[in-house]
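Please treat every number below as a calculation from the coordinates, not as lab data. Since this is a predicted model, take the numbers as computed values, not measurements. Here the Cβ is made from the backbone with ideal geometry for all residues, glycine too, and neighbour counts use every protein chain on show.
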Amino acid sequence: MIRTWVVLCFGALAWGQTQIFETPLSPRIANYKIDVTLDPEHRLLDAAEQLMWTNTTEHEATELQFHLYLNAFRNNRSTFMRESGGRHRGNEISSDGWGYTNVSSIKARLLAEEESGPYWNASQWPTLGESAWSLDHEFIWPDDDNQDDKTVIRVVLPEPVPPGGSVLVDIDFEACLPSPPFARTGAKEEYFFVGQWFPKIAVFTDEGVWNCHQFHLNSEFFADYGTYDVSMTVPEANILGATGLEVSVSETGNGMKTHVYHAEDVHDFAWTTSPDFVEFKGQAQDVEIRVLMQKDRAYQGERHLIAAQHSVTYFQDWYGDYPFPNLTVIDPRRGAAGSGGMEYPTLITAGSTYGLPESLRAVELVIIHEFGHNFWYHLLASNEFEESWLDEGINTYTEIQIMADLYGEKSDSIDFPFFKIGGLDMHRNRYASGPDLDPMLRDSWSYYSGSSYGINSYSKPGVVLTTLQNYLGRETMSKVMKTYVERHSFTHPTTEDFVAIANEVSGQDLTWFFDQAIHTNRVLDYTVSFIKSTAIDEGAGFDFDITRDDLMAGLKDDDEKEESDDEDKTYRTEVRLRRLGEFQFPVVLKVVFEDGEEVMETWDGKDLWKKFFYERKSKIASAEIDPDHLIPLDINYTNNSKTLELQREPMTHMNATWLDRFQIVLDLLAL
């Protein structure tokens, strides 16, 4: 692949050029320079942030809005804590482990046109100057009017930022990390995972309004692209990993070291530090991979590295270029699982346990899933607050496909001799546990329950897109996904954008499918409701074997009628199909006769039922809808077939279903 990035080196640093890409990949709307010092004893971050923000819309911005995500953990009445009941993925904050963000100072000034860049290095930025405004901030509650929630602030400007204009903002703040790590971020003794930690400007939309939702239990993030230059001062014995590339490391003389990282065309920045990390390095295609393992799980380092290599290779080969030169994979500390299974640009966290056998592929699944977010969350940056399926759901679909290709569809997640299960089956059965609670597309905090959020953001979209792939064909679906990445990288694509790409590439109007799958809670369930073969008597009646003389003489007794041999009989066979759900989808029917003949039929699936009739010398043996299981969106495989003889197969299917659901529960508890 052709690369446009330039690896940082001494010569580049000497000239102050920390350039990664020769040409910007994104609009670079929100650019940050942050200096932060960690106080490990008190879990505190003392930080100074400078933001250069550009208004790329046609509307004036009279105020700025920021996320203060860590304030979700400052009290038990925040929106996040109310919605979660104080628990997230089985974790909870300790009684003295609350976190917060306190902003102590905000200053800003508008930039002249010639001052707005672009800049390759934050050291080139203009200074704030003595004419800067000293600004106040106030908390707002755009979603639920919960005045105990302090995750969103508004800063009113003395002068608006005009269209095309830029503003330079200085923010001094202190942050405290929750303990143990909770809902993606926090501290546990010597281990720190620092995510959602700085005042982060929201997205100013083309409509001239701020998209700045509060931090909810069932929501993640949405932000604009930019550059980041972050200096992190931590204990000198610590190893550090972060978004982007390390520029320099220097000792401060007081037992601390400052690590400087630079990132371009990203929309978030996270970092981690611990003295107990063990480093593993490798490469996949043109991407350098760094794995930071806990020392007591270092024996799993190669396993993590191989999974990351598979991830990079598959995504680049199947879906398009990952343009960044590096990837860092973090193994969270024991007791810090709340920071596991999370994605940030060029940095992801995995999740493992001690003694995890190769047959339980949790490490592989989590790393493939989290790296996938570097496509659907990072490269495409859809709005996870309002359209979570575009990230989590598409990512689940790609995870399903890669895991199946690597390890086999029926055993890619669990592969014991006595028990095997694939990711598609797991997600299909998770969806089937609550298929009609909500449509897929909904604000992430507006689903019926946390379970419904999970079903409609992860499992159902994974099953929907797999069904679409089977309908269109693998080659066409691959072109859809590649075109989506190519067309919408470094933008904020919407559901409508994805549907438009699918329609264009497939050459079909798929609105009928997406309208049902995305915007409704319709359930897809087709069944073979009736089969019967009846012998057709040889001609009887006045037109055949009865004459006027017979009538006058009295009809022949039945026992005097000649019986024909079974081999000479002809059978009339009837097969009835029903649509039990409201979701309409074309289906294939396979009819098998006792003599081995097979007949394939198609039905558009629109009516409530359909009947098929046959005349054969053989009785029907069985009838089955979707015999190749190409419609995983069908919530009930057990009613898809019928046979003339009673069989135990439906019960076997039912047992497998309950085992699948039991395993899903175990997986959710573990992660």
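Miscellaneous remarks
- Local charge for residue 574 was computed over the other residues whose Cβ lies under 11 Å away, with Lys and Arg +1 and Asp and Glu -1, and equals +3.
- Under 10 Å, Cβ to Cβ, from residue 160 - net charge with Lys/Arg +1 and Asp/Glu -1: -3
- Its Kirkwood hydrodynamic radius, worked out from the mean inverse distance over all distinct Cα pairs, puts the chain at 27.8 Å.
- Within the straight-line cut-off of under 18 Å between alpha carbons, the lysines reachable from residue 420 are 410, sequence neighbours fewer than 8 places apart in one chain being disregarded.
- In a fully extended conformation the segment linking residue 418 and residue 207 would gain 70.3 nm over its present Cα-Cα distance, using 0.36 nm per residue.
- Residue order, fewest to most surrounding Cβ atoms within 10 angstrom, among 527, 79, 205: 205, 527, 79
- Computed FRET value (nearest 0.05) for residue 156 with residue 123, which takes r as the C-beta separation and R₀ as 35 Å: 0.70
- Among 109, 576, sorting on how many other beta-carbon atoms sit within 10 Å of each Cβ, with the fewest leading, yields 576, 109.
- Label-to-label distance for residue 113 and residue 483 is 3.9 nm, based on points extended 7 Å past Cα in the beta-carbon direction.
- Förster radius 30 Å - calculated FRET efficiency between residue 410 and residue 601 (Cβ-Cβ, nearest 0.05): 0.65
- Whichever lysines have a C-alpha closer than 22 Å to that of residue 295, once near sequence neighbours (fewer than 8 apart) are set aside: 188, 257, 281
- Measuring nothing but alpha carbons in the stretch 25-275 and taking Rh as the Kirkwood radius, the Rg to Rh ratio lands at 0.96.
- Rounded if a/c under 1.5, otherwise prolate or oblate - the stretch 449-495, Cα gyration tensor axes: oblate
- Ignoring lysines fewer than eight residues from residue 610 along the same chain, the ones with Cα atoms less than 28 angstrom from its Cα are 460, 532, 569, 590, 619, 642.
- Neighbourhood net charge (9 Å Cβ-Cβ; Lys/Arg +1, Asp/Glu -1) for residue 171: -2
- Crossing angle, helix 474-488 versus the chain [Cα axis fit, 0-90 degrees, rounded to tens]: 20
- Mean residue ellipticity (222 nm) of the chain, computed from DSSP H runs ≥ 4 via -39,500 (n - 2.57), nearest 500: -7000 deg cm²/dmol
- Residue 334 paired with residue 494, simple spin-label distance in nm, labels 7 Å along Cα-to-beta-carbon: 5.0
- Relative counts (whole %) of C-alpha pair distances in the stretch 287-379, using bins that are 5 Å wide: 3, 15, 28, 26, 16, 8, 3, 0
- Hypothetical label at residue 248: residues of the stretch 114-136 whose amide nitrogen lies under 17 Å (7 Å Cα-Cβ projection): 120-125
- Residues whose amide H falls under 5 Å from that of residue 214, counting only those 5 or more places apart or on a different chain, are 143, with hydrogens built in the peptide plane.
- Rounded tilt (10° steps) of 460-472 against the dominant C-alpha axis of the chain: 60
- The stretch between residue 295 and residue 77, if pulled fully straight at 0.36 nm per residue, gains 74.7 nm over its current Cα-Cα span.
- Coarse-grained scattering of the stretch 326-383 at q = 0.22, 0.25 Å⁻¹, given as base-10 log I(q)/I(0) from a Debye sum over alpha-carbon atoms: -0.84, -0.99
- Fewest-first ranking of 18, 643, using other Cβ atoms within 10 Å as the exposure measure: 643, 18
- Amide H contacts of residue 225 (H built 1.01 Å from N, under 5 Å, at least 5 apart or other chain): 28, 29, 30
- Binning all Cα-Cα separations of the stretch 400-521 at 5 Å, short to long from zero, yields these whole-percent fractions: 2, 10, 17, 19, 20, 17, 10, 3, 1, 0.
- Prolate/oblate/rounded call for the stretch 235-304, Cα gyration tensor, a/c under 1.5 rounded: oblate
- Backbone phi angles across the stretch 161-166, fed through the Karplus curve with coefficients 6.51, -1.76 and 1.60 (θ = phi - 60°), yield HN-Hα couplings of 7, x, x, x, x, 10 Hz in residue order; Gly and Pro are listed as x.
- Per residue Cα convex hull volume in Å³ - calculated over the stretch 367-453: 96
- Fully extended contour minus Cα-Cα distance, from residue 537 to residue 285, at 0.36 nm per residue: 83.6 nm
- Rounded to 0.05, the FRET efficiency of the residue 37 and residue 147 pair, given R0 = 30 Å and the Cβ-Cβ distance, is 0.40.
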